[in-house]
Amino acid sequence: MHALDDTDRAILRQLRADGRMSNAALAEAVGLSPSACLRRLRLLEHRGVIRGYTAIIEEAAPREGVVVIVQITLERQTDASMQRFETAVRRCPEVRECYLMTGMSDYLLRVEARDAADYERIHKEVLSRLPGVARIQSSFAIRSIVRG
């Protein structure tokens, strides 16, 4: 893996702010010619630094759904146990994000549900049935402050 230089970091900073900017605008913003900028951009993509581009969709209004932050603790933290959990959680469409964590819990999930009753169903029928789960701690989000 090649280290990122200041120009690479400038390109990434610009793309985080506006992933749809043209190559010409990106080149101007980072002080490169358009061809040199495009070459750098393709290299960042090829090396896997830039893994893809996405559209961030406006979250549903609070009355249309709830976001629940869920902390999961596994019975065991072996590679096999974690792999089984991660494979299973990838198949859960209600789980929008999942992070392996340090600290008190093993995983942090962002779950979307229609309402509290729907989350109760997800908790009972989905989360509690994931392999190796020892403890589930859930917190309902009141509102989003910062979203990337």
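The values are calculated or read from the model by the stated rules, or taken from the named source; none is laboratory data. These numbers come from a predicted model, not from an experiment. Here the Cβ positions follow ideal geometry from the backbone for every residue, glycine too, while neighbour counts run over all protein chains shown.
Mind telling me which of the residues ALA88, ALA36, ALA80, ALA29 ends up being among the small types (Gly, Ala, Ser), exposed (fewer than 13 other Cβ atoms within 10 Å of the Cβ) and either under 17 Å from ARG9 (Cα atoms) or not assigned by TED's automatic domain parsing to the domain that holds LEU12 (or both)?
Working: ALA88 fails: exposed (fewer than 13 other Cβ atoms within 10 Å of the Cβ); ALA36 fails: exposed (fewer than 13 other Cβ atoms within 10 Å of the Cβ); ALA29 fails: exposed (fewer than 13 other Cβ atoms within 10 Å of the Cβ).
One residue alone meets the criteria, ALA80.
Among the residues of segment 84-105, which ones are part of a loop (DSSP other than H, G, I, E, B) and either among the hydrophobic types (A, V, I, L, M, F, W, C) or closer than 18 Å to GLN137 by Cα (or both)?
CYS92, GLU94, MET101, THR102, GLY103, MET104, SER105
If you check ALA55 against the conditions, is it surrounded by 15 or more Cβ atoms within 10 Å (Cβ to Cβ) and of a type in the set (Gly, Ala, Ser)?
Working: surrounded by 15 or more Cβ atoms within 10 Å (Cβ to Cβ): no; of a type in the set (Gly, Ala, Ser): yes.
No: the conditions fail for ALA55.
So ARG76 fits all but one of (1) within 26 Å of GLY19 (Cα to Cα); (2) assigned to a loop (DSSP other than H, G, I, E, B); (3) of a type in the set (D, E, K, R); what number is the exception?
The number of the failed condition is (1).
Of the residues GLU75, GLU97, which is closer than 30 Å to HIS123 by Cα and at pLDDT below 95?
On the way: GLU75 fails: at pLDDT below 95.
Only one candidate passes the filter, namely GLU97.
Could you look through segment 106-124, keep only residues that are part of a helix (DSSP H, G or I) and of a type in the set (Gly, Ala, Ser), and pick out the one that is farthest from the chain's Cα centre (by Cα)?
Initial filter on segment 106-124 (part of a helix (DSSP H, G or I)): 116-124.
Narrowing the set further to residues that are of a type in the set (Gly, Ala, Ser) leaves 116-117.
Numbers: ALA116: 23, ALA117: 25 Å.
Filtering segment 106-124 for residues that are part of a helix (DSSP H, G or I) and of a type in the set (Gly, Ala, Ser), the one farthest from the chain's Cα centre (by Cα) comes out as ALA117.
Within segment 128-146, can you find the residues that are touching a residue at least 40 places away in the same chain (Cβ under 8 Å), under 22 Å from ALA88 (Cα atoms) and touching a helix residue (DSSP H, G or I) at 6+ places or on another chain (Cβ under 9 Å)?
The answer is LEU130, PRO131, GLY132, VAL133, ILE136, SER138.
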